[in-house]
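Reading through the structure tokens given below for one structure.
Here, each number is a calculation from the coordinates, and none is a lab measurement. Just so it is clear, the structure is predicted and the values come from calculations on it, not from any experiment. Here the Cβ is made from the backbone with ideal geometry for all residues, glycine too, and neighbour counts use every protein chain on show.
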Amino acid sequence: AAPHLLEQEAACPNPPDDKSAAGNLSKECERALAEHLHQLPADVRQQAAAYVDVYIDDFIALIQGTRQERQKETRHIFHTVDRLFRQNDYDHTIRQEPNSIKNLRRGDAYWSTQKKVLG
């Protein structure tokens, strides 16, 4: 998927005082995960989990994969939101972005091995 304007906002990790931050992978763990996944046979990699659940305007997603695969899924979700909800015009400052910038900066869209989901 093509890069999205809010992609950098989604890369904001959870604050350290958030219990979900315990699931943030270190660079060392990211490298080990990528090495492990690339060693798996192709048919096993095809069975990796990927799931997105949507309730009204809340997206809950999970994916097993490398940083690049998670980035691809993030882009896909953002582009899907853009297709469902009209994007803001560049000169239109009254409407808010369909994706909550505040929540993105808070780490809500950051891929983690552990998340708190309210429901």
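Figures for the structure shown
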{"read-out": "Protection proxy ranking, peptides 21-31, 66-76, average beta carbon neighbours within 10 Å, highest first", "value": "66-76, 21-31"}
{"read-out": "Degrees separating the helix 27-39 axis from the principal Cα axis of the chain, which is the longest one", "value": "60 degrees"}
{"read-out": "His76-Ala42 pseudo-label distance in nm [points 7 Å out on the Cα-to-Cβ vector]", "value": "1.9 nm"}
{"read-out": "For segment 63-77 and segment 1-54, distance of Cα centres in Å", "value": "6 Å"}
{"read-out": "Rg(Cα)/(2.2 N^0.38 Å) for the chain, N = residue count", "value": "1.15"}
{"read-out": "FRET efficiency, Arg31 to Thr113 (Cβ-Cβ, R0 22 Å, nearest 0.05)", "value": "0.90"}
